[in-house]
Amino acid sequence: MESGKRAEAGPSTGASEEKQEREERKMTEKPLAVEVCDDHEEDEEDEDKEDGVGAVAGFVPGPLLSLKEQIEKDKDDDSLRRWKEKLLGCVEGDLNGQMEPEVKFHSIGIISDDLGEVNYPLPIDRNQNGLLLFTLKEGSQYQLKLSFSVLHNIVSGLTYSNTVWKAGLQVDQNKGMLGTFAPQREPYVYILDEETTPSGVLARGIYSAKLKFEDDDRRCHMELNYSFEIKKSS
């Protein structure tokens, strides 16, 4: 309480003047911190345009540890160990010490007013790679739905890119961040952002597309080639 009162008092001594100078330095330093953050954000936006998700300059990630090693660090503390197991969605018996995370995709589906919901199991047979995944009317809204599991370790910064071509020319590309996922027994279900099919005579026809998933370390967890068709709206 007394220290609070002293803080409210105005400067009257040399010590108070020094304190005021320190406060002024703090005020001048704060905008600099904001500018640094803004610079990082601009850099990330530029890199996002080229690569999807940019790395922060000067960032050095820590050593990769298996989940088993992370849990065994506190094996003598039962409450902390159980908390970690609950947080990570697994129990010690599920862990094998593997360092690299693995993302296993179970299905891909489409949700739209035209089709309702249609799902296809993954992986797709090589003979069906590039299959006609769906047919939609021009100007339709749709979303892609994914079901996947994460194994062995936490996958950090899982991103996707969906590139579309027509007659050999790239006509669209969408990129996005799914997030960071820990291993768990139940599969994750993720619905991508809503998209709208183009309209007009030139927009109709068959398109080819490539859906790709990578993590922070640029590990490719799935690359799916598929096709879809846009028809005239009735």
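Assorted remarks:
- Solvent-accessible area of V171, all protein chains in place: 80 Å² (probe radius 1.4 Å, heavy atoms, ligands and nucleic acids excluded).
- DSSP-assigned coil residues among trypsin sites (Lys or Arg not before Pro) in region 150-206, each with at most 15 further Cβ atoms within 10 Å: R185
- Entry note: region 167-218 has Rg to Rh equal to 1.07, where both radii use alpha-carbon atoms and Rh is the Kirkwood radius.
- In region 98-231, Rg over Rh equals 0.98, where Rg is the alpha-carbon radius of gyration and Rh the Kirkwood radius from pairwise Cα distances.
- Taking label points 7 Å from Cα along the Cα-to-Cβ direction, K104 and V118 give a separation of 2.8 nm.
- The residue among A182, L158, S208 whose Cα reaches farthest toward the positive pole of the charge dipole of region 151-208, with charges on the beta-carbon of Lys, Arg, Asp and Glu, is S208.
- R0 of 22 Å, Cβ-Cβ distance T196-T163: FRET efficiency to nearest 0.05: 0.85
- Region 98-231 - percent relative contact order, Cα under 8 Å, separation 6 or more: 30
The values are calculated or read from the model by the stated rules, or taken from the named source; none is laboratory data. Since we're looking at a predicted model, the values are computed, not measured. Methodologically, a virtual Cβ is constructed for each residue, glycine included, from the backbone with ideal geometry; neighbour enumeration extends over all protein chains shown. Ligands, DNA and RNA are stripped out before the accessible areas are found, and what is left, the full protein with its side chains, is counted by its heavy atoms. Shrake-Rupley method; radii C 1.70, N 1.55, O 1.52, S 1.80 Å.
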